[in-house]
Amino acid sequence: MSSIIFSFFRNNLNSPKINTNKRVKLSELKFKQLATVAAVHGEELSLKLFEMGLLPGEEVELENIAPFGDPIAIRVGEYKMCLRLSDANCIDINVK
């Protein structure tokens with residue numbers, strides 16, 4: 001498990017930005033890259049995130065990554081939200 005987290009952290013900081021106009025998971029977003037939420041999968045998770053303002057069409061930006069890669073902090077509108085990578089993997093985004 002820890003090797004997966006370390007590889008996420010290493011790849012996220014050192015790799016180039018994701019191609020634009022591509023639908024990917026929020027967990028694949030690179031540091032300081034902007035995206036738009038396309039869909040949230042999972043009934044319980046989607047309800048929780050919708051109540052916190054993470055709606056399809058909202059712009060998000062990856063702002064912080066914990067030292068071991070999990071959780072991550074994203075900017076949604078004017079506030080930050082922390083998510084586990086497992087939850088971020090359930091969110092589809094369109095990269096800008």
Legend entry - Residues of the stretch 38-75 satisfying the condition of being touching a residue at least 24 places away in the same chain (Cβ under 8 Å), surrounded by 14 or more Cβ atoms within 10 Å (Cβ to Cβ) and aliphatic (A, V, I, L, M): Ala38, Val40, Leu45, Leu49, Leu54, Val60, Leu62, Ile65, Ile72, Ile74
Legend entry - Residue satisfying all of: in the stretch 44-96; in a helix (DSSP H, G or I) and among the aliphatic types (A, V, I, L, M); nearest to the chain's Cα centre (by Cα) among these: Ala88
Inset, instruction - Looking only at the stretch 25-37, decide whether some residue is assigned to a strand (DSSP E or B), small (Gly, Ala, Ser), modelled with pLDDT of 90 or more and surrounded by 15 or more Cβ atoms within 10 Å (Cβ to Cβ). - result: yes
Inset, instruction - Considering (1) loosely packed, with under 14 Cβ neighbours inside 10 Å; (2) touching a His at 6+ places or on another chain (Cβ under 6 Å), say which one Cys90 fails and leave the rest. - result: (1)
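The values are calculated or read from the model by the stated rules, or taken from the named source; none is laboratory data. Everything numeric in this text was worked out from a predicted model, so none of it was measured. Every residue, glycine as well, gets a Cβ built from its backbone with ideal geometry; the counts of neighbours run over all protein chains shown.
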